[in-house]
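**Q** Please read through the structure below; I'll follow up with questions.
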Amino acid sequence: MGKVKVQRSSTSIDMTPMVDLAFLLVTFFMLTTKFAPEEPLAVDMPTSVSEIKLPDTDILTISISKDGVVFFNMDGKYNREELLAKMGEKYGVQFSDQEVRSFSLLSSMGVPFGNLKQFLSMAPEERKLVKQPGIPCDSLNNELADWVIFSRTTNPKLRIAIKGDRDAEYPVVKNVITTLIDKKVNRFNLITNMESGS
Amino acid sequence: MAEISQGSGKKDGKVRSKKTSTRIDMTPMVDLAFLLLTFFVMTTTLNKPQTMEITMPEKPKVEDKQPLVNEKRVLTLVLGGEDKVYWYLGITDPKVELSNFSNDGIRKVLLQQNAQIKEMVVLIKPSDQSKYKNVVDILDEMNISNIARFALVDITPVDKELIKDSQL
């Protein structure tokens with residue numbers, strides 16, 4: 001009788017190509033992810049069906065926290081240094097090189113200009129513990145307007161985005177919007193999250 | 001001695017080189033690779049903020065004339081607290097009705113009125129009790145219902161009275 005020989009193959013498969021691919025993807029995603037810098041406030045954004053993506057650069061973000069505290073952020077290290085110089089000139093405050101550098105590396109910031117020098121001279125760990133009171137933006141003392149004006153003169157390509165918390169009270173948002181309109185910023189972006197399918 | 005004796009069966013003292021396969025077990029490495037992969041995939045896709053572009057009208061100058069609109073074409077939405085929306089048509093003796101942000105709420109109203117009224121103008125008046133979320137939601141509804149003419153306006157004392165009187 002002719003015996004049929006069953007071919008025996010190893011049960012372990014060669015995983016090398018799969019590993020190659022996996023590591024390729026890992027490196028790709030590692031290099032493309034940009035970790036968001038640590039923000040001093042947590043903003044839970046509202047959702048919308050809008051599909052316009054926010055550009056990555058030339059953005060001025062005005063964040064509004066749940067408690068109605070207004071924060072300011074602009075991207076670009078060198079632009080920030082220039083901006084601080086301009087603001088210092090207007091308010092008559094001199095900043096040391098060290099303070100300018102720490103301002104250029106800061107993310108969102110929400111302290112009145114009078115306290116900014118003191119705030120910048122703190123160590124980063126200390127800064128986290130400080131409860132930031134927010135940038136004044138009411139009609140009596142509107143520092144936000146100055147920040148917006150000088151940011152725009154520093155970087156004319158700047159787009160202005162409002163990043164508000166879902167539960168922020170409208171009057172605060174209204175103050176910010178009125179400030180922007182007063183300074184002839186009629187077009188701005190509201191940052192939202194993607195609407196989850198409902 | 002710090003040596004670990006391996007079995008006591010060796011009597012001849014010959015060192016036997018152990019034959020091991022040249023293949024190493026890659027499973028733990030693959031596990032790790034995929035773990036990292038899923039982590040980075042998750043973090044990148046979830047981190048894309050959307051934006052809603054709005055253009056506000058320029059601040060009117062004193063000598064500017066404001067365009068007049070027929071009151072029959074005006075739908076006013078007042079955003080109240082607790083996610084309420086009050087709406088009424090026209091200005092003279094309006095009938096205030098209550099709605100909400102659900103699918104059958106204000107969207108239905110907007111679509112209905114938009115079909116009935118030609119060139120409808122929507123005035124959005126967020127009250128002081130409303131949240132930022134409500135404003136974004138209602139702007140979103142404008143987008144969804146394809147309403148081109150809308151404006152974000154400050155609430156007036158008249159509106160506040162109307163809402164109060166409606167007892168809704």
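Every read-out reported here was derived from the displayed coordinates using simple, explicitly stated rules and does not represent laboratory data. Please read these numbers as outputs of a predicted model, since none were measured by experiment. Here the Cβ positions follow ideal geometry from the backbone for every residue, glycine too, while neighbour counts run over all protein chains shown.
**Q** Looking at A:Ile59, A:Ile64, which one is within 9 Å of chain B (Cβ to nearest Cβ), touching a residue at least 24 places away in the same chain (Cβ under 8 Å) and surrounded by 19 or more Cβ atoms within 10 Å (Cβ to Cβ)?
**A** A:Ile64
**Q** Let me ask another. Of the conditions (1) more than 14 Å from every other protein chain (Cβ to nearest Cβ); (2) touching a residue at least 24 places away in the same chain (Cβ under 8 Å); (3) surrounded by 12 or more Cβ atoms within 10 Å (Cβ to Cβ); (4) not in a helix (DSSP H, G or I), B:Trp87 fails just one. Which one is it?
**A** The failed condition is (2).
**Q** Counting only residues that are within 29 Å of A:Met194 (Cβ to Cβ) and β-branched (Val, Ile, Thr), how many does region B:18-45 have?
**A** Final tally of qualifying residues: 5.
**Q** I've got another one for you. Among (1) closer than 26 Å to A:Ala85 by Cβ; (2) more than 9 Å from every other protein chain (Cβ to nearest Cβ); (3) out of contact with any Pro (no Cβ under 9 Å at 6 or more places or on another chain), where does A:Glu125 come up short?
**A** So the condition that A:Glu125 fails would be (1).
**Q** Further, regarding this structure: Consider A:Glu126 against the criteria (1) exposed (fewer than 15 other Cβ atoms within 10 Å of the Cβ); (2) under 23 Å from A:Gly68 (Cβ atoms): it satisfies all of them except one. Which criterion is unmet?
**A** (2)
**Q** Which condition does B:Ser99 not pass, out of (1) surrounded by fewer than 17 Cβ atoms within 10 Å (Cβ to Cβ); (2) closer than 23 Å to A:Arg166 by Cβ, if it passes all the others?
**A** Of the numbered conditions (1) surrounded by fewer than 17 Cβ atoms within 10 Å (Cβ to Cβ); (2) closer than 23 Å to A:Arg166 by Cβ, the odd one out for B:Ser99 is (1).
**Q** Here are some residues: A:Ser139, A:Ser121, A:Ser102. Which one is over 18 Å from A:Asp58 (Cα atoms) and surrounded by fewer than 12 Cβ atoms within 10 Å (Cβ to Cβ)?
**A** Details: A:Ser121 fails: surrounded by fewer than 12 Cβ atoms within 10 Å (Cβ to Cβ); A:Ser102 fails: surrounded by fewer than 12 Cβ atoms within 10 Å (Cβ to Cβ).
Exactly one of A:Ser139, A:Ser121, A:Ser102 is over 18 Å from A:Asp58 (Cα atoms) and surrounded by fewer than 12 Cβ atoms within 10 Å (Cβ to Cβ), namely A:Ser139.
**Q** Do you know which of the residues in region A:155-198 that are in a loop (DSSP other than H, G, I, E, B) and crowded, with 20+ Cβ neighbours inside 10 Å is farthest from the other protein chains (Cβ to nearest Cβ)?
**A** Per the stated criteria, the residue is A:Asn155.
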